[in-house]
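The structure appears right after this line, and notes come after that.
The values are calculated or read from the model by the stated rules, or taken from the named source; none is laboratory data. Everything numeric in this text was worked out from a predicted model, so none of it was measured. Backbone-built Cβ (ideal geometry, glycine too); neighbour counts: all protein chains shown.
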Amino acid sequence: MPRIIHPLAGMIALLTIATFWLSTAISELFLSEAAVVAVKTTIPWGFLLLVPALAATGGSGFFLSHGQRAGLVGAKLKRMPFIAANGLLILIPAALFLASKARAGDFDTTFYVVQGIELLAGATNIALLGLGMRDGMKLTRWKRGNFLRLAASHTTTLAGKEEVARDTFAFRLQKPEGFTFRAGQAVYVTLPGQKETDNKGSIRTFSIASAPQEPDLVIATRMIGTAFKRCLAGLPAGSPVDIEGPYGDLTLDGDTRPAVFLAGGIGITPFRSMIVDAAARGLSRDLTLFYSNRSADDAAFLSELEQLAQQNPRFRLVATMTEAPDWQGEQGFITRDMIERHAGDIARPIFYIAGPPAMVAAMERLLREAGVSVENTRAEEFGGY
Ligand SMILES: Cc1cc2nc3c(=O)[nH]c(=O)nc-3n(C[C@H](O)[C@H](O)[C@H](O)COP(=O)(O)OP(=O)(O)OC[C@H]3O[C@@H](n4cnc5c(N)ncnc54)[C@H](O)[C@@H]3O)c2cc1C
């Protein structure tokens, strides 16, 4: 629910302040004194909408941060006290003062000085709320079409874990009763009772690496860095894990053209799901996976993908290693030449990209330079923000 309330309340707050601001500016610049009086005496009633909207934005934002104080979430949280203080200490008193002056028809210098201050404070809050919305959209860009879709939260159980590459583990979670998803979608994951915390917070987004036909939900991640990852690594089988979702539209649905997957490192997770799913459903689409890693030891699910490529004539695997001179396959980063040698005409397929932000940006640049349109590209940044 907070995931719906937060953007909705933020949008209502932004639109309310923008309406106050514009109606004030327009009435005072272009309209009659009667219109100014009407606007100024109506604005205080608008606080009945604005104040709850701001409280709901702040409260839901705090809840969603899950202890994170760094990055985009941290920046959003830092803005909230300024927005609240600006509203409580400047906007509300100024609006009440201006309403009483306007009602008395007292348009003196004090009125216009306070009006100027109110417009400035209003513009500041519009800018701060706008920045919050921009950061929020960056954080949930992968949710795109799911904005108003209420996804369920489930407490599930860790069934087991296994190392699938160097420092990389796959975690098998029991699939909650009634949980359905499309191959390529992701979930929010939190660990109830997480003991160690840091300013990176206690929520992560993970693509589901297993296919819908498989019995468990599998997530996979590199075990480096944060408190969250250390806690995940140390979880014994049987521990509870909270998931919310599924979200995301990096799926094979709605298209029949050949698909080319460009995966960087752990960006393989949604593609493993899609490749297993396509085989299980007997999809007649040509799928080509370009899978870039430092070395074969770092490439999660590599031997399983090699087997899948042998079994399914519609699926081709091109594994490339950037730091393994002994690797018998492709070497180096994914290039246009590599794509064209294995997948043919670059203008024909639909491209799916997943991996670290720098890799996703490089692949998007490559495709744009090769003339592939934005419409034919779907990308998921596995970013820490
Ligand atoms: C759609 C999607 C799918 C992903 N799938 C995978 C995957 O399969 N495997 C994988 O290893 N990584 C995946 N990621 C990235 C993952 O969420 C982590 O950002 C990444 O693993 C790095 O985490 P870290 O703990 O090492 O720390 P850092 O990179 O230092 O921190 C990550 C930062 O991102 C923040 N963050 C991540 N998710 C959210 C969220 N939902 N809301 C608010 N803040 C958030 C964290 O709180 C933290 O501050 C995915 C990301 C997205 C957006």
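List of remarks:
- Those residues of the range 200-226 which are modelled with pLDDT under 95 and touching a strand residue (DSSP E or B) at 6+ places or on another chain (Cβ under 7 Å), in sequence order: Lys200, Gly201, Ser202, Ile203, Arg204, Thr205, Arg222, Met223, Thr226
- Residues of the range 10-47 that turn out to be among the acidic types (Asp, Glu) and within 17 Å of Phe97 (Cβ to Cβ), as a count: 1
- Yes/no for Lys195 being of a type outside the set (Gly, Ala, Ser) and surrounded by 19 or more Cβ atoms within 10 Å (Cβ to Cβ): no
- You will find that of Ala361, Ala299, the residue that is within 28 Å of the chain's Cα centre (by Cα) and over 23 Å from Met223 (Cα atoms) is Ala361 and no other.
- Matching residues in the range 339-366 - criterion: being of a type outside the set (Gly, Ala, Ser) and more than 17 Å from Trp142 (Cβ to Cβ): Ile339, Glu340, Arg341, His342, Asp345, Ile346, Arg348, Pro349, Ile350, Arg365, Leu366
- Residues in the range 20-41 that are exposed (fewer than 15 other Cβ atoms within 10 Å of the Cβ) and of a type in the set (S, T, N, Q): Ser32 only.
- Subset tally (residues that are among the polar types (S, T, N, Q) and in a helix (DSSP H, G or I)) for the range 342-385: 1
- Selection status of Ala220, within 12 Å of the ligand (Cβ to nearest atom), touching a residue at least 12 places away in the same chain (Cβ under 8 Å) and surrounded by fewer than 22 Cβ atoms within 10 Å (Cβ to Cβ): no
- Phe63 fulfils the conditions (1) exposed (fewer than 14 other Cβ atoms within 10 Å of the Cβ); (2) within 30 Å of Tyr112 (Cα to Cα) except for a single criterion, (2).
- Criterion violated by Ile268 - all others in (1) surrounded by 24 or more Cβ atoms within 10 Å (Cβ to Cβ); (2) of a type in the set (A, V, I, L, M); (3) assigned to a strand (DSSP E or B) satisfied: (3)
- Filtered residue count, the range 343-378, keeping only those that are within 10 Å of the ligand (Cβ to nearest atom) and crowded, with 21+ Cβ neighbours inside 10 Å: 2
- Criterion: within 16 Å of the ligand (Cβ to nearest atom), touching a residue at least 12 places away in the same chain (Cβ under 8 Å) and in contact with an Asp or Glu (Cβ under 8 Å, 6 or more places away or on another chain) - qualifying residue of Arg316, Arg294: Arg294
- Cβ-Cβ under 9 Å pairs, at least 6 apart or on other chains, the range 262-279 side at positive phi, far side more than 10 Å from the ligand (Cβ to nearest atom) and part of a helix (DSSP H, G or I): Gly265/Asp298; Gly265/Met359
A quick yes/no check of all residues on (1) surrounded by fewer than 23 Cβ atoms within 10 Å (Cβ to Cβ); (2) modelled with pLDDT of 95 or more:
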site: Asp253; (1), (2): yes, no
site: Phe261; (1), (2): no, yes
site: Val276; (1), (2): no, yes
site: Tyr291; (1), (2): no, yes
site: Glu304; (1), (2): yes, yes
site: Arg316; (1), (2): yes, yes
site: Glu330; (1), (2): yes, yes
site: Arg336; (1), (2): yes, yes
site: Arg341; (1), (2): yes, yes
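- Looking only at the range 137-185, and only at residues there that are β-branched (Val, Ile, Thr), surrounded by 13 or more Cβ atoms within 10 Å (Cβ to Cβ) and part of a strand (DSSP E or B), the one that is farthest from the ligand (Cβ to nearest atom): Thr157
- Being more than 27 Å from Gly248 (Cα to Cα), touching an Asp or Glu at 6+ places or on another chain (Cβ under 7 Å) and not assigned by TED's automatic domain parsing to the domain that holds Arg204 is a description that applies to Met338.
- Filtering the range 199-216 to residues that are farther than 16 Å from Ile268 by Cβ and more than 9 Å from the ligand (Cβ to nearest atom) leaves Pro212, Gln213, Pro215, Asp216.
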